[in-house]
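Trainee: Starting off with a structure, shown below.
The values are calculated or read from the model by the stated rules, or taken from the named source; none is laboratory data. Because the structure is a prediction, the values reported are computed rather than measured. Here Cβ is always computed from backbone atoms with ideal geometry, including for glycine, and neighbour counts include all displayed protein chains. Accessible surface is based on the protein model in full, side chains and every heavy atom, while ligands, DNA and RNA are left aside. Shrake-Rupley method; radii C 1.70, N 1.55, O 1.52, S 1.80 Å.
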Amino acid sequence: MSEIIRLDDVSLWRRTQEEFSYDLKKTLLSFTEGKYQKPAKKLVIDSINLKIDAGEKVGIIGANGAGKSTLLKLICGILKPTHGTVKVKGSISPLIELGAGFDGELPVLDNILMYGIMLGASRQDMHERTESILDFAELKDYAHAPVKALSSGMVARLGFAIATDVKPDILILDEVLSVGDESFKRKSQRRMEEFWEDNSTILVVSHSLEFINQSCEKAIWLNQGKISDVGRASDVIKSYINQVI
Ligand SMILES: Nc1ncnc2c1ncn2[C@@H]1O[C@H](COP(=O)(O)OP(=O)(O)OP(=O)(O)O)[C@@H](O)[C@H]1O
């Protein structure tokens, strides 16, 4: 099988949460008082080497704060590593922050076009797909409305409809999807099952070990930013459970 994702010695440092209370006045004062301290940083991904082949379904498990979402964000290019390289061949659809790339002021139709192009589809392709995307998202009546006029559930449905219609080579999922209301949830699950049956490469983060065991042949156990174990899902889950209990 051909390699589709490769991470070589990837590390990422991030500012710690305290930095979010960053205050310019306080910083200037601390400078004048000679008390300035450099922003604290934390190593959230620590020297990761990883290879994923085309068509593999890979589950990522680990405790809260282990770095699972961060790893997905590095793979789809939302975050850049501080050190090391991330190589991805083919198109990638991150179902992570659904709708994060939308422009609220622009109509739904324009956003479908932009979002699809951002995910790697051509303009022509997106023109042809618009109808089925609006149909799946159940947003035909909103085609000309600005995205800011949609509810948050509608925005998530639109994001999901575009990202899955575009049929990427690699699908990235953070937690098992729970988009929209009950009827949409069922519909989105059926669409996800099609991806599973397909040759798509899938990376999924989940706290449901049962789901990972049933749906993925391979699993990665992350612990404090490092890979603790990688291999057959059932084996990795066993060693994770043994360590946790
Ligand atoms: N925007 C951010 N800025 C700074 N640090 C962050 C940010 N987001 C997450 N972190 C830190 O990065 C580390 C890894 O977080 P991440 O969200 O990847 O963990 P996770 O394994 O997905 O956790 P969970 O299971 O709780 O979703 C944590 O220490 C977290 O505090």
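Trainee: May I have the extent of the alpha carbons of segment 99-167 along their three principal axes, as whole Å values ordered from largest to smallest?
Mentor: Cα spread of segment 99-167 along its principal axes, largest to smallest: 27, 20, 18 Å.
Trainee: Along the charge dipole of segment 65-214, Cβ charges K/R +1 and D/E -1, which of H127, I75, L109 sits furthest on the positive end?
Mentor: I75
Trainee: What relative contact order, as a whole-number percentage, does segment 175-231 give when Cα pairs under 8 Å and 6 or more residues apart are counted?
Mentor: Rounded, it is 24 percent for segment 175-231.
Trainee: What three numbers, in Å, describe the spread of the alpha carbons of the chain along their principal axes, ordered from the longest?
Mentor: Here the spans come out as 59, 51, 32 Å, largest first.
Trainee: Would you mind telling me the share, in percent, of accessible area of segment 99-167 contributed by carbon and sulfur at probe 1.4 angstrom?
Mentor: Taking all protein chains in place, segment 99-167 shows 52 percent carbon and sulfur surface.
Trainee: Please compare each pair in K35/K68; K42/K218; K89/K218; K68/K167 to a cut-off of 30 Å on the Cα-Cα distance and tell me which ones are over it.
Mentor: K35/K68
Trainee: With a 1.4 Å probe and all protein chains left in place, how much accessible area per residue does the chain have, in Å²?
Mentor: 54
Trainee: Which value, in Å to one decimal place, does the Kirkwood hydrodynamic radius take for segment 155-245 when every pair of different Cα atoms is included?
Mentor: 14.5
Trainee: Once the Cβ-Cβ distance between E128 and R186 is put in as r, and R0 is 30 Å, what FRET efficiency do you end up with, to the nearest 0.05?
Mentor: In this case the efficiency is close to 0.70.
Trainee: Place a +1 charge on the Cβ of each Lys and Arg in segment 99-167 and a -1 charge on the Cβ of each Asp and Glu, then give the dipole magnitude about the Cα centre in debye, rounded to the nearest 20.
Mentor: Result for segment 99-167 is approximately 140 debye, rounded to the nearest 20.
Trainee: Of M126, M154, which has the most accessible area with a 1.4 Å probe, and how do the rest follow in descending order?
Mentor: Ranked list, largest accessible area first: M154, M126.
Trainee: Compute, for the chain, the length of the dipole vector about the Cα centre, with Cβ point charges of +1 (Lys, Arg) and -1 (Asp, Glu) only. Units Debye, rounded to 20.
Mentor: That gives a dipole near 940 debye.
Trainee: If one computes the Cα centroid of segment 101-119 and of segment 66-92, what distance in Å separates the two points?
Mentor: 23
Trainee: Averaging sequence separations of C-alpha pairs under 8 Å and six or more residues apart, then dividing by the length of segment 83-154, give the relative contact order as a whole percent.
Mentor: Relative CO of segment 83-154 lands at 39 percent.
Trainee: Okay, next question. For the chain, what's the relative contact order in percent, using C-alpha pairs closer than 8 Å and at least 6 residues apart?
Mentor: 26
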